[in-house]
1. When you scan the range C:234-266, how many residues do you find that are in contact with a Ser or Thr (Cβ under 8 Å, 6 or more places away or on another chain), farther than 19 Å from A:Q433 by Cα and among the hydrophobic types (A, V, I, L, M, F, W, C)?
2. Does the range B:186-196 hold any residues that are assigned to a helix (DSSP H, G or I) and under 19 Å from B:V97 (Cβ atoms), and which are they?
3. For the range B:100-116, what are the residues that are open to solvent by less than 20 Å² (accessible area, probe 1.4 Å), free of Cβ contacts under 8 Å to residues at least 24 places away in the same chain and at the interface with chain C (Cβ under 7 Å from one of its Cβ atoms)?
4. Quick one: which residue in A:G227, A:G231, A:G247 is under 30 Å from A:S419 (Cβ atoms) and within 19 Å of the chain's Cα centre (by Cα)?
5. Just checking, does the range B:76-89 include any residue being assigned to a helix (DSSP H, G or I), facing another protein chain (nearest Cβ under 7 Å) and under 16 Å from B:L169 (Cα atoms)?
6. Of these, B:L169, B:L124, which one is buried (at least 24 other Cβ atoms within 10 Å of the Cβ) and away from chain C (no Cβ under 11 Å)?
7. Do you know which residues across the range C:87-96 are farther than 11 Å from C:E263 by Cβ and open to solvent by 20 Å² or more (accessible area, probe 1.4 Å)?
8. Any chance you could count how many residues in the range B:34-56 are in a helix (DSSP H, G or I) and closer than 16 Å to B:A257 by Cβ?
Amino acid sequence: MPRRPSTEAEYLASLVPASARAQQAMRAQQLDRRALLRGAGVAGAALALPSLLSACGGSSGGSASGGGAASGTVKLGSNQSDAVPKAAVASLVAAFQKANPGLTVVTNTIDHNTFQENINNYLQGSPDDVFTWFSGYRMRYFASKGLIGDISDVWGNLQGYSEAQKKASTGDDGKQYLVPTTYYPWAMHYRKSVWDKHGYTVPKTLDELVALSTKMQKDGLAPIAFGDKDGWPAMGTFDILNMRVNGYDYHVSLMAGKEDWTGAKVKKVFDQWKALLPFHQADSLGRTWQEAAQSLQKGQSGMYYLGTFVAQQFAKGAEQDDLLFFNFPEIDSAVGADAIDAPIDGYMMSKRPKNEAGSKKFLEFLGSGPAQDILVQADPSVIACSEKADTAKYTKLQKASLDFVKQAKSIAQFLDRDSRPDFASTVVTPALQSFIKNPADLDTILGQVESQKKAMFTS
Amino acid sequence: MSDKRPWTPARIAIHAFLLVMAVVWLFPLLYALAASLRNYAYTAEHGYLSTGGWTLQNYVNAWETAGFTQKFINSAIITVPAVLLTLLLASCVAFVVARFSWRLNLALLGFFTAANLLPPQALLIPVFKMFQKIEVPFWFSDSGTLLDSYWGLILVNIAFQTGFCAFVLSNYMKTIPKELYESAMVDGASVWRQFWQLTMPLCRPPLAALATLEVTWIYNEFFWATVLLQSGDKYPITSSLNNLRGQFFTDNNLVAAGSLIVAVPTLAIYFALQKQFVSGLTLGATKG
Amino acid sequence: MTTSAAATSQAPAKGRKARLSGPDRLTVALMVGVPTLVVLLLVWGPAIATVLFSFFDWDGYSPFSESPFVGGKFYTEAVTIYPAFWPAIQHNLIWLAVLFLVATPLGMLTAVLIDHEAKFTKFYQTSFYLPVVLSMALVGFIWQLMFSRDQGFINGITGWSIDWYGDSRYNLWAALIATTWRHMGYIMLLYLAGLKGVDQSLREAAKVDGAGERQTFFKVVFPVMAPINIIVLVVTVIESLRAFDLVWVINKGRNGLELISTEVTRNIVGEAQRIGFGSALATIMLLISSVFIVIYLRIVMREDS
């Protein structure tokens, strides 16, 4: 594909032989453009540049795998716009720059939701060299469209990753596209102090969960906190019920559009959900998950099925240590309860980074233990992907999360990461909200999902 | 001007109605102002109907978290040229439409004003793809295309706003007596001079009014800005509110403070140009 | 007014065109040509392209020429299996009706009352106009402080626990209250500006003839205000068709707040990019807009001829 230079420096550098390009592009950026162009005019400067560049000439670059000298500027697109994670990224960058004096990382922070909504346009426009993204179909989709860069050689240098994590970072073509950094499991959270006060115990089966919920209602608690204003939290509930009722393999196949949404199996999931809905907080469609989490934090609700990031609504220290969780109970003993959602977040490289060597160097750093230590210490609601990360400093919650994901036999990524993005956001989200609003409409809703699924997955 | 008329029951009723309406209308803003001055932990615990927990810290935090300094500059970089160019182009069109009576005039005015009515969402994909393809020199845009460039965004704003301004301005220009032009033509003034030295000075009131409106609209424009700009550090201030609404945590008081900071420039412009605003939008032509 | 405008623009008629010198002709051509080009390229061209895209299944990545022609497939899907389509149409119509029947008349009424009075008018005017300078996103947020279920003012003082933004029985009306809050002041100001421009001698003449205040308004002032009335009408239609930011800020236009604009956006901007389907929705939106545009243009033309 003919490529259009996207910066001036790149354009100038494109005039030199391809083999030396990656290195030299960075150098060109370091030159003072104005000084170069002053008086000369763009064309003249461009013509004069190749010789200048070869004079500066670096060793031919391109791949960082050897850990060779990479230099210049790497642009990092980050969706970590909240104060705490933003600071974590800043210290991550500082640590990297300290270890690699020749490289500068410039962070382009974009608000989390804006980044996500515009990812399509972002990737097709002029994306940063390295940027935050997620694993799963959501990653493979963009890889298959040729919008993200192959980083298989970076993976060659990464250590401490499980086969499953590598698989979660691999595109349909067998190449790796993501460096996983952190992840978090979804589970049923509760406050130990509240449960101790009422003498509740962890339910192992669905019947026990129902009995516990009934008891909580008598005690004046909303048994299960719930907020689905943003549309995605209900996906977590759907995922876990489907995995408990129909098992992990069926879930994967359903997400891939291969199963019938109007069939008995899906219906059974929603019937189960219908039975549990009275135990969920009412009016959930107007409540954000933060508000739901606060009701758990204040002891107004008994438990909350959410990712461990629920801890962000709890004060660090004693209050977070009071937050425990348990695995969503078994529904069908033939299926068991060993499948969970535990989505992975990580970093990818754009298709045509302006500084490929530097980007790969940075990605390699992100895949290392010390880099992930910085992230998980800043945000104790997530755990590190690499086994090289230091788990000794983990909080109680992080240790519990780690044990929890280790015992799980199958790990799903989350509905909006396991299925087509258009199907998840324009079909499933409104369908789940309609179901919560009016469970009696189930047949109509599932009929609409199925017909839209057929239209979408065939195209 | 003072009103010396007696206070009849009808007038008292009018004032009572207006007063109640005004209070109802001001209330949400004042409530937001109050919320912005409260400590989040305090209101989270005691609720908003409590008293206490007053602080200015939200403003400081909002300013820092959202990086308002840079964002204000970005907004100015977009708004100022966009408003000036919109007014210039709209004046040109309005002048031709008002000054010369051709068959095409109505169609022309329709062409511009109808463009103003089209929904921006419906045009996004083609505009986006076009901007991605249009290469421009690097001194013009550091991305090398109209995408992720201030000029691309400015152009879109101009295209969308010209219609309304041309409509208002042409209405106003039609009220300028033709004798003025005739004497100018006797003096041998070119069309450009008639426009620039005769018409434009007369159009100050509507231009001031339109400038106020356009500054408000373009400053508040949000949809195109987040789609056409891709670097977080180029975003205008309206988008920065998103930075305050955290992914995992929303501090209502902080966002209230941020909202009010964002509103300050438009409020200031309104108060500064209030007088011209009403007189300028007179839209001419009501002399009967 | 109609007479004076018509007189100025028609009297010189065609003779002048012929009299334009060469440079003058170039000036006029540029004055019309440049703005026309900008609007043509950035508004009308894309509008046509959108219509074109709606008939092809284009993924946005591969060259457009390779994408298959699907005819009216996406239109059929939109009206048959896309659950949000009919609610969105309905909500847009309700939106238009409320602005037209409540917000706009309220704005006109307050303008007339303020114009009638001389005391405190600056205070009233400012109170009503302040919301207009805020962006719709800000409006959405400010009203969230009112409407929030657990922390909002309304439930706080009434003791209700109505979920104003979340419950689909109420949220459209809650959004409409917030919209009215902003729209009313805008109309008030436009109308007030118009009223201030009405020649005082007209009213006095009417008074001499023995007309009451109400009669004066409806028989003399209102007809003279014809251009303002059109502007008010246009502004109302623009605002209701383009309604977007507010509901997008509230809940991305889901669960009772679907509008055509939000459905278009969801399908073409979001992570899910369905260009063909989104363009089909956009084309439907363009068609609806064009109905109003034609009505509006006809009024303008009648006004001018």
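1. Result for the range C:234-266: 5.
2. Across the range B:186-196, the qualifying residues are B:V191, B:W192, B:R193, B:Q194, B:F195, B:W196.
3. B:F100, B:G110
4. Going through A:G227, A:G231, A:G247 in turn, the sole match is A:G231.
5. yes
6. Residue meeting the stated conditions: B:L169.
7. C:Q90, C:L93, C:I94, C:L96
8. 8
The values are calculated or read from the model by the stated rules, or taken from the named source; none is laboratory data. Since the model is a prediction, treat every value here as computed from it, not as a measurement. Note that we place each Cβ from the backbone using ideal geometry, even for glycine, and neighbour counts take in every protein chain shown. Ligands, DNA and RNA are excluded from the accessible area calculation, which covers all protein heavy atoms including side chains. Shrake-Rupley method; radii C 1.70, N 1.55, O 1.52, S 1.80 Å.
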